[in-house]
Amino acid sequence: MTNQFIHGTITTDSNDAYAVIAVYASNSHSERQILWKNIQDLAVTVNTPWAILGDFNCCRELGEKEGGTALYVTKLGDFNSMIFNAGIHDLSSVGHFYTWHNQQIYNPIHIKLDRVLVNDYWLHNFPNSYYIVEDLDCSDHSSLILIIHPSQVGFIHKRIISDNILLASDILGCFNLNAKHKFLYAKFDITKAFDMVSRDFLYKRLEAKGFPPLFIDWIKACTSNVHFSICINGVLEGYFNSTSGIRQGCPLSPYLFSIIMDGLSSLLDLATSNNALLVIKTGNYVVSHLMFADDLLVFGSATTRNAYTINYILQDFATVSGLKVNPLKSSILLSKNTPSVVDICNILNIQQSLSPIKYLGLPIFYRKLKFSDFQPLLQKITNHLEGWKAKTLSLAGRIQFIKFTISNTLAYWIRGSIIPKRCCKTIARLCYRFTFYGKINERKLTTVSWNNTCCPKINGGLGIPSIESLKHSYTCSNIWRFLNENSLLFSWWRARFRSLWKPNASKNFLYWNLMSAKAKEIQSNISFSVNANSNFSFGWDPWCGGNSLAELITCTNSNSSHSSLFDWNISQLIMNDKWHLPNGLDSNLLSLINSVNIDSHSENHLWKDKQNPNFRDFNAQFYDNMIKVPWYKFIWHKKDALRFSVYAWLAFRGGLKNADVLAVRGILVPNICCFCHRDRETITHLYFECSFTFDIAKTLFPWLHQLFMRPNIHQFYDCIWEQGFNTKIRNYYLLTASATIYFVWRARNDRLFGGIIDCNVTILSKIKKAVLYKSLTWN
């Protein structure tokens, strides 16, 4: 924080983190130069989505001011040079163009002083974000409201990118199940999709979809009246129009592009319905293709006839839309021993791949993925941990880096694949070494296990999610969605596997096996609701008092005579909100089924009595059986400072490498306390049975004078908690206690290894100064 900006990090409930700078630039040109340099220096340290917003007291172009004294190009150049050197970009905006007004009638001045700048990470994660410039209200500046639209996952609300990956992987798993059936899996990449699309085709698609003429005219105005400039020496020069394409970064563009690509879907569906395109099916459910932005997957029988059909459709679509396939970025997978492989590849003008291909960033293939297939993940994590930015981080900074940057990378892979155990162990080892040593290639003494580190703070950890907890939580999330949604992925799974609780066949999809096993594990946490439109399996799903009919029906004639009903939907046995059951069922079973209430409204499943569980609820369930530590509330509170709290955590966990801890591990060092020079150095002695450290504590916590005996670390914190302070005062003293542990430990290391001997007055001064700076930010 400086007098011109505040820099911080915002974290969402889903553990996504992004950096934000709130700017209030000085009126002085020389002081703004300092601000520009500060932003450039920060830019090289940020590797998360980053937004810089506020009043920059400067413009980028001469046309951003109307009225008053003319702008100077040199001052604009300084601002533009900073933006260029920092690698940031102007975010798209809607609303007013000018953001400041002098509020004078006879000599009005309008100028664009406020804006939002973002980095490449921001544009990658929030490609459809923009900000709104609102009306002037209580200030002479317009407010800026930053909007983040749903991500580009099909550009549809509640559509998740991992669904496409899982479905593509599942379909690939069907490729070699039957030697008689041969399939193709073609991955096409569209060349410069947003830039090359025909606007006339877009307008025709809007008209075909039934959009009103007025709305189509608005879209024409938004897409046609777009001007571009060229940046020369940091200054934008000139304007020119475009004749094709839709603007990337515009919040409308992804939705317009989905309407355009819907035309290709219509052609593929028409060919499928006419049997011109023979596609993959399971039961009565058919999937011909998957789309995500400009990535297109087409599935079908591996025949030259299908290849000609696909090629004709793509060429026909390219003619009308301007979107052509890039053969260099396209590839095809074929079932084993497929005839006419060369002919199929030549017709489609793409190459066959004999190894896993990358789809939406993850490897997929028709066989089980090997450890070597996850080298891109290991390399990405290694690059993150070995990067020079990471090397400059403190212990607290490294913890945050693992908790957000690395965990988010892992989360994406976990949601779309099953990471091998060997790979998980390698990642855990790299993260452990980085967190506690700062280097991933060095092996040093371990004092706290990684399993004890990667658990919630209430359970004695640092709140870093483990790979197993992420896998559990995302699997539970998919199970919950499977029970409540009808997306393409879940419809395919229902057609293929029917129920999560149905006994699995030997050749099922690996991720489905994982979900099925997890569903049985968490079954007791789910309360099921039944209505006339339920997709539940009559025999396999545990909708009947928490059990399935397959479990309730014993191996009798009743089981054999009604086993054909097991795959039926419950909805087939409900009419007018009443049960209509077949004859011959056991009377006890009939009574049990009739006791199940049929909800006349929508289904209302509950997770531990909660209707809409989230990731945090699933993660908490993973640690249900883990013991809660009583001391977590001492070091983790709303006003804690991670820099200090992590050392207090190490003290409670026995992770500080004092003489006593080293001796247990066979490392013998001088074990006399370096402060009092009398007693053996242990954690209990250091905090606070030592006369030197206890004198420091008594100065900071006056009530300790009343104690007859010196407290250990547990008694020390308990004493603060028992004073009966209000929350704010209690948090102040808890922060002071953690800061005391931190600075005492530093003073101990300085004496032993640095030759620096601080007296208790110096240590007290450091503690008070650090706590003061931290508490000044409290409301």
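The values are calculated or read from the model by the stated rules, or taken from the named source; none is laboratory data. Keep in mind it's a predicted model, so treat the numbers as computed, not measured. We place every Cβ from the backbone using ideal geometry, glycine too, and count neighbours over all the protein chains shown. We work out accessible area using only protein heavy atoms, side chains counted, and drop any ligands, DNA or RNA first. Shrake-Rupley method; radii C 1.70, N 1.55, O 1.52, S 1.80 Å.
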Which count do you get for residues in segment 32-74 that are more than 15 Å from Lys112 (Cβ to Cβ), open to solvent by less than 50 Å² (accessible area, probe 1.4 Å) and over 34 Å from the mean Cα position of the chain (by Cα)? 1
Wholly within segment 322-430, helices (runs of 4 or more DSSP H) carrying at least 2 residues that are free of Cβ contacts under 8 Å to residues at least 40 places away in the same chain: 341-348, 375-386
Would you mind stating whether Thr699 is polar (S, T, N, Q) and open to solvent by 20 Å² or more (accessible area, probe 1.4 Å)? yes
Just to be sure, is Leu776 buried (at least 16 other Cβ atoms within 10 Å of the Cβ) and either at pLDDT below 95 or at negative phi (or both)? no
Here the residues within segment 182-200 that are open to solvent by 10 Å² or more (accessible area, probe 1.4 Å) and modelled with pLDDT of 85 or more are Lys182, Phe183, Lys187, Asp189, Ser198, Arg199, Asp200
If I go through segment 350-369 residue by residue, how many of them are under 21 Å from the mean Cα position of the chain (by Cα) and aliphatic (A, V, I, L, M)? 3
Residue check: is Tyr106 among the aromatic types (Phe, Trp, Tyr), open to solvent by 60 Å² or more (accessible area, probe 1.4 Å) and modelled with pLDDT under 80? yes
Criterion first (more than 24 Å from the chain's Cα centre (by Cα), farther than 24 Å from Val286 by Cα and modelled with pLDDT of 90 or more) does Ser372 satisfy it? yes
Would you mind telling me which numbered condition in (1) farther than 15 Å from Leu323 by Cβ; (2) without any contact (Cβ under 8 Å) to a residue 40 or more places away in the chain; (3) surrounded by 14 or more Cβ atoms within 10 Å (Cβ to Cβ) Ser265 fails? (1)
Does segment 219-232 contain any residue that is under 33 Å from the mean Cα position of the chain (by Cα), in the same structural domain as Ala318 (by the TED database) and closer than 30 Å to Asp170 by Cβ? no
Would you check if Lys471 is at pLDDT below 90 and open to solvent by 20 Å² or more (accessible area, probe 1.4 Å)? no
For segment 156-197, name all the residues that are of a type in the set (D, E, K, R) and outside any helix (DSSP H, G or I). Lys158, Arg159, Lys180, Lys182, Lys187, Asp189, Lys192
Return yes or no: is Asp599 closer than 30 Å to Ser477 by Cβ, of a type in the set (Asp, Glu) and open to solvent by less than 70 Å² (accessible area, probe 1.4 Å)? yes
List, please: which pairs have Cβ atoms under 7 Å, are six or more places apart or on different chains, and start with a residue in segment 110-131 that is in a helix (DSSP H, G or I) and end with one that is surrounded by fewer than 21 Cβ atoms within 10 Å (Cβ to Cβ) and at pLDDT 85 or above? Asp120/Gly87; Leu123/His89
Six or more apart or on different chains, Cβ under 7 Å: which pairs go from a residue in segment 32-48 that's more than 17 Å from Lys391 (Cβ to Cβ) to one that's part of a loop (DSSP other than H, G, I, E, B) and of a type in the set (A, V, I, L, M)? Could you list them? Arg32/Ala25; Leu35/Ala25
Single residue of segment 512-566 satisfying the filter (open to solvent by less than 40 Å² (accessible area, probe 1.4 Å), touching a Gly at 6+ places or on another chain (Cβ under 9 Å) and hydroxyl-bearing (Ser, Thr, Tyr)) that is modelled with the lowest pLDDT: Ser558
Here are the criteria: (1) within 20 Å of the chain's Cα centre (by Cα); (2) surrounded by 16 or more Cβ atoms within 10 Å (Cβ to Cβ); (3) over 30 Å from Gly666 (Cα atoms). Tell me which single one Arg398 does not satisfy. (3)
Could you check segment 206-232 and list, in sequence order, the residues that are open to solvent by 100 Å² or more (accessible area, probe 1.4 Å) and at pLDDT below 80? Lys209, Asn225, His227
Conditions (1) in contact with a Ser or Thr (Cβ under 9 Å, 6 or more places away or on another chain); (2) touching a residue at least 60 places away in the same chain (Cβ under 8 Å); number of the one not met by Trp543: (2)
His714 passes all but one of the listed conditions (1) buried (at least 20 other Cβ atoms within 10 Å of the Cβ); (2) touching a Phe, Trp or Tyr at 6+ places or on another chain (Cβ under 7 Å); (3) in contact (Cβ under 8 Å) with a residue 60 or more places away in the chain; (4) not charged (D, E, K, R); the exception is number (1)
Failed condition for Arg730, given (1) within 38 Å of the chain's Cα centre (by Cα); (2) under 18 Å from Val629 (Cβ atoms); (3) surrounded by fewer than 20 Cβ atoms within 10 Å (Cβ to Cβ): (2)
Checked Tyr239, Tyr203 against criteria (assigned by the TED database to the domain that holds Leu297 and either crowded, with 16+ Cβ neighbours inside 10 Å or closer than 22 Å to Leu488 by Cβ (or both)); the one match is Tyr203
